[in-house]
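To start, the structure itself, in structure tokens.
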Amino acid sequence: SQSQPTPSQSVGPEYRPAHKKPTATVSTKLAHDNVHILPQTPQLIALLTMIRDKNTDRADFIFYSNRIIRLLVEEGLNHLPVVERSITTPLNTTYSGVKFEGKICGVSIMRAGESMEQGLRDCCRSVRIGKILIQRDEETSKPKLFYDKLPEDIADRWVLLLDPMLATGGSALMAVDVLRSRGVPEERILFLNLIASPEGATNFAEKYPKLRVITAFVDAGLDDKNYIVPGLGDFGDRFYTM
Ligand code: URA
């Protein structure tokens, strides 16, 4: 019949006729120039499908999250400035390329953000990494800074701020305030996360229009406990304990 693939179509991306291709939910688009959503490729959607699945075990959750984190770090690095660099190849031929110019560091928002440190180290050997701990204050129920340890020359660096889930953005906005109080301008901060809510990303875009948010996916919204929906549950619990 018409829907049977011919032998030449049986492998590769065209292995199915258009009307039999799988479909998937892709990221919500946002009209903010400073929110950068990774290209919605079949691989990325498949990786997100793995980590969203409640039946995915911890080892697989870590493995597939790490693949997404790697894509986020590589995309983040694309936003850093480069200068021209000419080199000579073993064929004694000139290649005019570029090299990154500047210093970077990672800053993880504890605890879940620490899960992204290895992905950053995999791309940037011996990168400096700072940490910020923000928790809800029992009395005021507002986010409160409990601890920070940041490179002393952080004002001279580009900062890759790490937190896997951008829900309301309350903790991450406070982390940005800490970075700015240490002299980091907002345009030198790149906030990397796996899943953002439209509310969180919009809060960021409006409060800090020069700070770049780099995310793999913008989900539908938040539930009444501020979990991202459809989301993946509690990222820290799934990465560290379940
Ligand atoms: N943090 C998480 O781990 N998951 C959410 O859905 C929101 C915040």
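The values are calculated or read from the model by the stated rules, or taken from the named source; none is laboratory data. Worth saying up front: this structure is predicted, and the values here are computed from it rather than measured. Cβ sites come from the backbone with ideal geometry, for glycine too, and all protein chains shown count toward neighbours. Heavy atoms of the whole protein, side chains included, go into the accessibility calculation; ligands, DNA and RNA do not. Shrake-Rupley method; radii C 1.70, N 1.55, O 1.52, S 1.80 Å.
Between 213, 229, which is at pLDDT 95 or above, away from the ligand (no atom under 11 Å from the Cβ) and either closer than 22 Å to residue 63 by Cα or open to solvent by less than 70 Å² (accessible area, probe 1.4 Å) (or both)?
213
Just checking, how many residues over the stretch 212-242 are of a type outside the set (Lys, Arg) and either assigned to a helix (DSSP H, G or I) or in contact with a Lys or Arg (Cβ under 9 Å, 6 or more places away or on another chain) (or both)?
Residues in the stretch 212-242 being of a type outside the set (Lys, Arg) and either assigned to a helix (DSSP H, G or I) or in contact with a Lys or Arg (Cβ under 9 Å, 6 or more places away or on another chain) (or both): 12 in total.
Here's the yes/no breakdown for (1) under 23 Å from residue 208 (Cβ atoms); (2) in contact (Cβ under 8 Å) with a residue 24 or more places away in the chain; (3) in a helix (DSSP H, G or I):
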residue: 36; (1), (2), (3): yes, yes, no
residue: 60; (1), (2), (3): no, no, yes
residue: 63; (1), (2), (3): no, no, yes
residue: 66; (1), (2), (3): no, yes, yes
residue: 69; (1), (2), (3): yes, yes, yes
residue: 73; (1), (2), (3): yes, yes, yes
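Going by the structure shown, is residue 219 surrounded by fewer than 16 Cβ atoms within 10 Å (Cβ to Cβ), within 12 Å of the ligand (Cβ to nearest atom) and not aliphatic (A, V, I, L, M)?
No.
Here is a check on your reading of the model: is residue 170 surrounded by fewer than 24 Cβ atoms within 10 Å (Cβ to Cβ), more than 19 Å from residue 49 (Cβ to Cβ), modelled with pLDDT under 95 and within 16 Å of the ligand (Cβ to nearest atom)?
In short, yes.
Can you name the residue in the stretch 176-208 that is open to solvent by less than 20 Å² (accessible area, probe 1.4 Å) and within 14 Å of the ligand (Cβ to nearest atom) and is also nearest to residue 133 (Cα to Cα) among such residues?
So, considering only residues that are open to solvent by less than 20 Å² (accessible area, probe 1.4 Å) and within 14 Å of the ligand (Cβ to nearest atom), the one nearest to residue 133 (Cα to Cα) is 193.
Suppose the filter is open to solvent by less than 50 Å² (accessible area, probe 1.4 Å) and assigned to a loop (DSSP other than H, G, I, E, B); does residue 80 pass it?
yes
Got a sec? Which of 204, 191 is farther than 17 Å from residue 120 by Cβ and touching a helix residue (DSSP H, G or I) at 6+ places or on another chain (Cβ under 9 Å)?
204
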